[in-house]
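K.L.:
The structure that follows is given in the form of structure tokens.
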Amino acid sequence: MPVPAPCPDSRAVVTGASQGIGEALAHELAARGHHLIITARRAEVLEQVAARITERHGVTVEVRPVDLADPQQRAGLADELAGRDISILCANAGTATFGPVAKLDPAGEKAQVQLNVLGVHDLVLAVLPGMLARRAGGILISGSAAGNSPIPNNATYAASKAFANTFSESLRGELKGSGVHVTLLAPGPVRTEIPDPAEASLVDRLIPDFLWISVEHTAQLSLDGLAHNKMRVVPGLTSKAMSVASGYAPRAIVTPIVGLVYKKLGGG
Ligand SMILES: NC(=O)c1ccc[n+]([C@@H]2O[C@H](COP(=O)([O-])OP(=O)(O)OC[C@H]3O[C@@H](n4cnc5c(N)ncnc54)[C@H](OP(=O)(O)O)[C@@H]3O)[C@@H](O)[C@H]2O)c1
């Protein structure tokens, strides 16, 4: 059975839906007729996203302001989702830091692991039993091309995305024939809009415009991939090049080069 068709009682959940890829996923799911639960920390922004989606697509959007790096808040959301009919989970929220771990704020690094690793794991474990019982469901996990191999100066992020990548593709292998689809989104650079040159970040300046892809395109590819139970969606040329380099080039050669690039991103 394909990813469940929309129905009035079921909900598609998107984490990190207040901006970026998550917001685009929420819009695209709504355009495909799904009623939603959207979550992120900023309640006011989420309410505005929800209002725009409902106005455009006429679906119900429930808003859950939750800090997924906080174990208690995360458990509250997971408990709710475990008791609901969740047709699709887009475990998308994630953050990154750049620079040597020893120089970064330890609290921020720990919060990143809570969000990027446990924010995925806990919610998947919450919705999986219901999906299996219904023999229908879709789980889209936002990993990253950065999770394919070691990245000095991006260590916590790269390791957390290695978890997301491997967990997603392992789970998919376990769920063959169960009716539950699992797809990994492993992008390289994706952005919402071309920034004003005066405000462009170092990442924006280092990567030429033609190599970026849009959040809308990423969301469409991801949900098409999930519908077809694709193992991995790798949107855009840069992501594909990163995947090939990390898959075939020897780590001992590639890692120091990548580390130097990320050193620049960390302002070093
Ligand atoms: N964009 C890229 O180039 C790219 C490339 C590879 C992988 N990815 C992955 O794709 C996903 C989405 O990326 P993006 O660029 O769209 O991200 P983004 O624009 O930075 O948005 C991150 C989202 O996560 C939410 N969030 C952040 N911290 C949170 C927390 N503690 N608890 C709950 N929600 C939190 C943010 O909302 P609040 O601030 O309101 O909480 C926001 O909605 C991430 O997992 C990212 O690692 C992105």
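The values are calculated or read from the model by the stated rules, or taken from the named source; none is laboratory data. Quick caveat: nothing in here was measured; it's all calculated off a predicted structure. All Cβ positions, glycine included, derive from the backbone under ideal geometry; neighbour counts span all protein chains shown. Quick note on the areas: whole protein, heavy atoms, side chains included, nothing else; ligands and nucleic acids left out. Shrake-Rupley method; radii C 1.70, N 1.55, O 1.52, S 1.80 Å.
K.L.:
Surrounded by fewer than 14 Cβ atoms within 10 Å (Cβ to Cβ), away from the ligand (no atom under 11 Å from the Cβ) and part of a helix (DSSP H, G or I), is that true of Leu221?
P.N.:
Taking the combined requirement at face value, the residue does not satisfy it.
K.L.:
So, of the residues in the stretch 226-244 that are assigned to a helix (DSSP H, G or I) and crowded, with 16+ Cβ neighbours inside 10 Å, which turns out to be modelled with the highest pLDDT?
P.N.:
The initial filter retains those residues of the stretch 226-244 that are assigned to a helix (DSSP H, G or I), namely 226-227, 237-244.
Subsequent filtering for residues that are crowded, with 16+ Cβ neighbours inside 10 Å retains 226, 238-239, 242-243.
Values: Leu226: 98, Thr238: 76, Ser239: 77, Met242: 76, Ser243: 78.
Checked the stretch 226-244; the qualifying residue modelled with the highest pLDDT is Leu226.
K.L.:
In the stretch 139-168, which residues are among the aromatic types (Phe, Trp, Tyr) and either surrounded by 23 or more Cβ atoms within 10 Å (Cβ to Cβ) or touching an Asp or Glu at 6+ places or on another chain (Cβ under 9 Å) (or both)?
P.N.:
Tyr157, the sole residue that qualifies.
K.L.:
Go through the stretch 130-145 and give me each residue that's in a helix (DSSP H, G or I) and farther than 20 Å from Pro6 by Cα.
P.N.:
Hit for the stretch 130-145 is Ala145, nothing else.
K.L.:
Continuing with the same structure: Please identify the pairs in which a residue from the stretch 179-196 that is closer than 13 Å to Cys90 by Cβ has its Cβ atom under 8 Å from the Cβ atom of a residue that is at pLDDT below 90 and exposed (fewer than 14 other Cβ atoms within 10 Å of the Cβ), counting only partners at least 6 apart or on another chain.
P.N.:
Pairs that qualify, where the first residue is closer than 13 Å to Cys90 by Cβ and the partner is at pLDDT below 90 and exposed (fewer than 14 other Cβ atoms within 10 Å of the Cβ), are His181/Pro2.
K.L.:
Same structure again: Among the residues of the stretch 92-125, count how many are in a loop (DSSP other than H, G, I, E, B) and farther than 19 Å from Ile38 by Cβ.
P.N.:
Matching residues across the stretch 92-125 total 7.
K.L.:
Scan Glu28, Glu47 and give me the residue that is modelled with pLDDT of 95 or more and more than 19 Å from the chain's Cα centre (by Cα). Step through it out loud before you land on a result.
P.N.:
Numbers: Glu28 fails: more than 19 Å from the chain's Cα centre (by Cα).
The conditions single out Glu47.
Results for (1) open to solvent by 50 Å² or more (accessible area, probe 1.4 Å); (2) more than 13 Å from the ligand (Cβ to nearest atom), shown as yes or no for each residue.
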{"position": "Ile88", "(1), (2)": "no, yes"}
{"position": "Ala91", "(1), (2)": "no, no"}
{"position": "Ala96", "(1), (2)": "no, no"}
{"position": "Lys103", "(1), (2)": "yes, yes"}
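K.L.:
Out of the residues in the stretch 29-56 that are crowded, with 24+ Cβ neighbours inside 10 Å and not hydrophobic (A, V, I, L, M, F, W, C), state the one that is farthest from the ligand (Cβ to nearest atom).
P.N.:
His34
K.L.:
Which pairs do you get when a residue that is in contact (Cβ under 8 Å) with a residue 24 or more places away in the chain, found in the stretch 222-235, comes within reach of a residue that is open to solvent by 10 Å² or more (accessible area, probe 1.4 Å) and among the polar types (S, T, N, Q), reach meaning Cβ atoms under 8 angstrom, with the pair 6+ apart or on two chains?
P.N.:
The qualifying pairs are Val234/Ser243.
K.L.:
Looking at Val59 and the list (1) over 19 Å from Thr218 (Cα atoms); (2) assigned to a loop (DSSP other than H, G, I, E, B); (3) within 11 Å of the ligand (Cβ to nearest atom), which single condition is not satisfied?
P.N.:
(3)
K.L.:
Still on this model: Look through Pro100, Pro8, Pro106 and report the one residue that is without any contact (Cβ under 8 Å) to a residue 12 or more places away in the chain and more than 19 Å from the chain's Cα centre (by Cα). First the steps, then the outcome.
P.N.:
Working: Pro100 fails: without any contact (Cβ under 8 Å) to a residue 12 or more places away in the chain; Pro8 fails: without any contact (Cβ under 8 Å) to a residue 12 or more places away in the chain.
Criteria check complete, one pass: Pro106.
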